[in-house]
Amino acid sequence: MKLYFLLFILWPLLLSTNEPSEKKEAIKGGLVSVNPNRPLNWSDFKKVNLIGNRSTINAITQSTCEIEILKIINKGNHVSLDIEVKINLHKELSQVKNDFFKTRDAATKERVLHHENGHYLIAQLIGYRILKAVNNYKFDKKNHRTQLNKIIKENFKDWKRLDEQYDAQSTKPHNPEMQARWDRFIASELQSLK
């Protein structure tokens with residue numbers, strides 16, 4: 001019984017990574033796997049001449065979120081679900097422009113990489129939110145897949161909204177104060193969900 005959902009931030013292609021997860025963090029009612037389980041570095045990004053036909057984009061991070069039902073537990077008048085949420089970096093679609101490395105100084109490269117890591121952490125945040133929502137939900141025995149789909153879709157909408165706000169507030173134009181606020185927000189949210 002597998003149910004898969006993929007969301008690619010800012011990219012409409014449907015591809016997935018086959019890399020094994022490096023981290024599996026068990027939480028009541030399921031687990032979250034993160035691959036890679038470390039901050040991103042530039043070797044995680046494919047070098048390209050242009051990203052999405054837009055010369056203004058220096059780098060883009062693409063993550064996938066896959067949900068698998070591990071177990072359905074009968075609780076009398078409802079069921080609960082144990083799920084695995086797999087967050088993966090999509091290395092083929094995570095890209096950086098070739099000329100970015102030639103024309104930018106080390107501080108700018110580090111700042112952009114830090115920002116891209118924020119997108120990767122937002123993907124992880126959404127994975128933990130999905131797991132928490134599933135753990136707190138009393139599913140109907142016959143409609144549990146439909147109800148799970150609704151939880152996932154709501155969180156994917158929030159994922160898109162958070163990513164868009166993150167970019168708008170911290171990079172358009174570059175705003176170090178807002179980047180720091182987002183860093184604190186993401187860290188706090190992740191800590192509260194783990």
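Can you tell me the accessible area per residue over the chain, all protein chains present, probe 1.4 angstrom, in square angstrom? Write down the numbers at each step before the final one.
Numbers: 10460 Å² over 194 residues.
The answer is 54 Å² per residue.
Each label was represented as a point 7 Å from its Cα along the Cα-to-Cβ direction; for Ser55 and Asn143 these points are 5.3 nm apart.
Note on Leu113: accessible area is roughly 20 Å² with a 1.4 Å probe, heavy atoms of protein only. Against the chain, whose longest principal axis comes from its Cα atoms, helix 144-170 is set at around 20 degrees.
Could you look at the range 44-194 and say what percent of its accessible area is carbon and sulfur, using a 1.4 Å probe and all protein chains? Let's see the in-between values first.
On the way: 3620 of 7680 Å².
Carbon plus sulfur share of accessible area: 47 percent.
Taking only Cα atoms, what is the 0 to 90° angle, nearest 10, from helix 106-135's long axis to the longest principal axis of the chain? Helix 106-135 and the main axis of the chain meet at about 10 degrees. Annotation: amide H-H contacts under 5 Å for Ile83 (H modelled 1.01 Å from N, sequence separation of 5 or more, or interchain): Gly30, Leu31, Leu70.
Which FRET efficiency value, to the nearest 0.05, is calculated for Lys194 and Gln165 with the Förster distance at 25 angstrom and r the Cβ-Cβ distance? It would help to have the intermediate numbers written out before the result.
Values: r = 22 Å, r/R0 = 0.90.
After rounding, the FRET efficiency stands at 0.65.
Per-residue ellipticity at 222 nm computed for the chain from its helices equals -14500 deg cm²/dmol, with DSSP H segments shorter than 4 residues left out and the rest contributing -39,500 (n - 2.57).
Relative to the current alpha-carbon distance between Thr103 and Lys157, full extension at 0.36 nm per residue lengthens the span by 15.9 nm.
The values are calculated or read from the model by the stated rules, or taken from the named source; none is laboratory data. Here the structure is a predicted model, which is why all the values come from computation and not from measurement. Every residue, glycine among them, receives a Cβ derived from its backbone with ideal geometry; neighbour counts consider all protein chains shown. Just so you know, the surface numbers come from the protein's heavy atoms only, side chains and all, with ligands and any DNA or RNA stripped out. Shrake-Rupley method; radii C 1.70, N 1.55, O 1.52, S 1.80 Å.
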